[in-house]
1. Tell me which helices (runs of 4 or more DSSP H) are completely within the stretch 1-75 and hold 1 or more residues being in contact with a strand residue (DSSP E or B) (Cβ under 6 Å, 6 or more places away or on another chain), of a type in the set (Asp, Glu) and loosely packed, with under 10 Cβ neighbours inside 10 Å, or say none if there are none.
2. Considering only the stretch 9-55, how many residues are under 14 Å from the mean Cα position of the chain (by Cα), among the aliphatic types (A, V, I, L, M) and closer than 22 Å to residue 65 by Cβ?
3. Can you tell me which condition residue 28 does not meet? The list is (1) at pLDDT 95 or above; (2) in contact with a Lys or Arg (Cβ under 7 Å, 6 or more places away or on another chain), and all the others hold.
4. Quickly run through the stretch 12-25 and pick out the residues that are at pLDDT 95 or above and under 18 Å from residue 76 (Cα atoms).
Amino acid sequence: MTRMVHCVKLNQELEGLERPPYPGEIGQRIYDEISKQAWQQWLEHQTLIINEKHLSMVDPQARKLLAEEMQKFLFEGGTDKPEGYVAPES
């Protein structure tokens, strides 16, 4: 049976995640309040940030930056594209 949540990011009743995707309290909040669709959007945005800012996930500062960006993206209305980002031509 599909678990439904009221997604605070997309402001809709949508399919929820199967388990918390992140450790700790923030992971539980994501599980309770974020849909699979919004989480997928975050993963795509996260990849963009990692690539554009050339982040290394072994660097604690890079992980901290991503955690802050995740919070903004999911719960605070979003984040901007990284400075200097140019979308690929279609």
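The values are calculated or read from the model by the stated rules, or taken from the named source; none is laboratory data. Because the structure is a prediction, the values reported are computed rather than measured. Cβ atoms come from the backbone with ideal geometry, glycine included; neighbour counts cover every protein chain shown.
1. none
2. Going through the stretch 9-55 one residue at a time, the tally reaches 8.
3. (2)
4. 12, 25
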